[in-house]
Every structure is written in C-alpha cells, then in structure tokens.
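The values are calculated or read from the model by the stated rules, or taken from the named source; none is laboratory data. In this text, all values refer to a predicted model and were calculated from it rather than measured experimentally. We place every Cβ from the backbone using ideal geometry, glycine too, and count neighbours over all the protein chains shown. For the accessible areas, the whole protein counts, side chains as well, though only heavy atoms, and no ligand, DNA or RNA atoms are used. Shrake-Rupley method; radii C 1.70, N 1.55, O 1.52, S 1.80 Å.
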Amino acid sequence: MANTLLMPKATAVWLVENTALTFDQIAEFCKLHPLEVSAIADGDAAQGIKGMDPVITGQLTREEIARGEADPNHRLKLSEPKVRVPETKRKGPRYTPLSKRQDRPNAILWLVRNHPELKDAQISRLVGTTKSTIEQIRNRTHWNSANLVPMDPVTLGLCSQIDLDIEVQRASRGAPPAAPAGDTLLPASQTEKLPVDDIDREEPEEKELDADAVFAKLSSLRSKRDDQEE
C-alpha cells in the first residue's frame, strides 16, 4: 500500500484558494508543475474542479500548513492518510530471471508450434518477451534459429500451467468448432428424404402356431415313452 495524495488537482485548487503557500510548495506537494499551479491560480486550468481540503481527509495538518506559510523553503510533508491507496502495478512483460532467459526462445518456438492460435501479445505475457522476438522465431529469422529446440514453457518454469490454459482458452473462444469425429446421427432434413423401407424395416411376422399339431406331437412323444417303460 502506498502513501499517495488523493485528488492532487483538487487539493492544489484548495491550497491556492485557502493558503499563502508558494506555487513551488503546492506543486511539490501535489506532484504538479509550478506552471500548472500558476495556471490554476489564474483560472486557466482546473476549471470546474472543486477544491478538496487535505486537512479534512487527514493528509495534511494545520500546523504543517502554518510552517510552510512561515518558511517558503519548507517542503510540506504528507501525513499518514486515513485511506490507503493500493500501489498501481506496472503493466508489462512478465519478468524472467537471468538464469532462464536463454530458454525463452525455445519456449516461444514450442508455443508457436503447439498453439498457433495464440497471439503475440499472449505469448509475450506468458514468457516475458517482445513481439519482435516472437516474429523472428515465427519467421525463422532469429539469429539462433538453427539451434533452437521447442521446449514446454511450463517445464522450463517460465509460466504456470494455469496461465497457459487460460491464454489457450481465450484464444480458442473465436475459433470455429472442431469437426465431429466418429459416427453421428443424421439430421432430420436428411432422414425425411429417405425411403420408408430404409428408415424402419418391418420384421417378418412369426408364423402362427397350430394348437392341434402341437398336442398331436406331445401325444406321440408320451406314447413312445410309455412303450419304452414297458
């Protein structure tokens, strides 16, 4: 968490209107240029901005303002604020340790070959490189192209598997769906045009059983068994 002045321009407007501090003191405290503070005093800048009292927000004390008014060379000190402002993270390529930077071209080659859907910006975020290097490896114009070997950046420790999966998923959002593999059901538009015999073939009906023939056969079997017993 950083100790940062809230709304510097609004604070500068209030200090110009309500204190006898010099432009240099206000500019240094609000992180502005002295000419910009002078333009605020002349009404040429920060028009429509309502001044914000830094004493109310707890960023400056009355005693500190009095010291600054008494001594033009005094530099105002920011008090411990009541509100903590998180530090802004610098957006840029991922930092890569010196010991692993020599492996980046191999990782880039692996990504280009195995995940061609990834954009240069995504590869840059994953392994911490520049777009020019990616283009050189993609076009085989890199100075060490002959010696490059594709290597998984996760195995090299340049990125995590989760980060790689996220980037691949993002790149695949706009890709057309893959063609279905294996047997699939025919659409209704095709089955409607097929002959009825091809869609539902009726199985041949079983012949009806003759009851008299069955009983006659049973009687003959019984008479044979009686003869054998005798």
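Which residues does the label zone of residue 66 cover in the stretch 8-27, counting backbone N under 17 Å from a point 7 Å along Cα→Cβ?
Correct set: 19-21.
Could you tell me the accessible area of residue 160 in Å² (1.4 Å probe, neighbours in place), rounded to the nearest ten?
50 Å²
Excluding residue 72 itself, calculate the net charge of residues whose Cβ lies under 12 Å from the Cβ of residue 72, where each Lys or Arg counts +1 and each Asp or Glu counts -1.
-2
Tell me the label-point distance for the pair residue 162, residue 47, using the 7 Å Cα-to-Cβ offset, in nm and rounded to one decimal.
5.1 nm
Can you give the FRET efficiency to the nearest 0.05 for residue 173 and residue 131, using r as the Cβ-Cβ distance and R₀ = 30 Å?
0.90
How charged is the neighbourhood of residue 123? Take every other residue with its Cβ under 9 Å from the Cβ of residue 123, and add Lys/Arg as +1 and Asp/Glu as -1.
Net charge around residue 123: +1.
Determine how large the accessible area of residue 42 is when every protein chain is in place; take a 1.4 Å probe and give Å² rounded to the nearest 10.
110 Å²
Would you mind checking the stretch 43-60 for residues with the amide N under 17 Å from a putative spin-label position 7 Å along Cα→C-beta of residue 31?
Only 54, 59-60 fall inside the zone, counting backbone N under 17 Å.
Taking the Cβ of residue 170 as the centre, find all other residues whose Cβ is under 14 Å away and add up their charges (Lys, Arg: +1; Asp, Glu: -1).
Details: positive: 119, 125, 173; negative: 117, 120, 163, 165, 167.
Once positives and negatives cancel, what remains is -2.
Residues in the stretch 38-60 near a label at residue 79, defined as backbone nitrogen under 20 Å from the 7 Å Cα→Cβ point?
Answer for this model: 51-60.
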